[in-house]
Amino acid sequence: MNMQTPPGARARQAAEEVLQAIYGDDFIGCTISVDTVAAIVDSAVKDEARTAHELMDVLNKVVEAVHVLSTPPSPAEVKDTQQLQEVLGKRLDAIREITTKTINAIAELPIDKPQQ
């Protein structure tokens, strides 16, 4: 937790709401500052944002790889239909491998499922 950087407005608002839920609107009996709780909330939010950003980077790389593999080869790359069939078969295998690994990796993530 970095106390150097002041917590964001949302973290401060969440901290106030938490302390109000515990101590009431007047905070009687509260021995911790809103800013201290806000720093904790801010740290957790930033960790989640960092994780989401990393996941988006990985997803972007997966999509780019699938896009490259799904782009038809240029006529100069293939000499006949047999070679075209081999190239496309290898590409489909690679796409399947990428998507299978991605599906398995996502399934392993400790993601909080939304409550219904």
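Odds and ends about this structure:
- Principal axis dimensions, largest first and in whole angstrom, of the chain by Cα: 82, 33, 18
- For the chain, a Gaussian network of Cα nodes joined below 10 Å ranks Ala44, Ala105, Ala15 by mean-square fluctuation, and the top entry is Ala105.
- Summed residue charge, Cβ within 14 Å of Thr71's Cβ, Lys/Arg positive, Asp/Glu negative: 0
- A simple rule links phi to the HN-Hα coupling: the Karplus curve 6.51 cos²θ - 1.76 cosθ + 1.60 with θ = phi - 60°, which for the range 80-85 gives 8, 5, 5, 5, 4, 4 Hz, with x for Gly and Pro.
- Per-atom-type breakdown for the range 19-116 gives carbon and sulfur 60% of the accessible area (1.4 Å probe, protein chains only).
- Computed [θ] at 222 nm, helices only, for the chain once each DSSP H run of length n ≥ 4 contributes -39500 (n - 2.57): -24500 deg cm²/dmol
- Full extension of the chain between Thr51 and Val18 yields a length gain of 9.5 nm, computed as 0.36 nm times the residue separation minus the alpha carbon distance.
- Annotation: Lys101 carries an accessible surface of approximately 130 Å², with a 1.4 Å probe and no ligand, DNA or RNA atoms counted.
- Gained length - Val78 relative to Ile111, 0.36 nm times residue gap less alpha-carbon distance: 7.5 nm
The values are calculated or read from the model by the stated rules, or taken from the named source; none is laboratory data. Small disclaimer: the values here were computed from a predicted structure and weren't measured. We place every Cβ from the backbone using ideal geometry, glycine too, and count neighbours over all the protein chains shown. The protein model used for the area step is the full one, side chains on, heavy atoms only, and it has no ligands, DNA or RNA in it. Shrake-Rupley method; radii C 1.70, N 1.55, O 1.52, S 1.80 Å.
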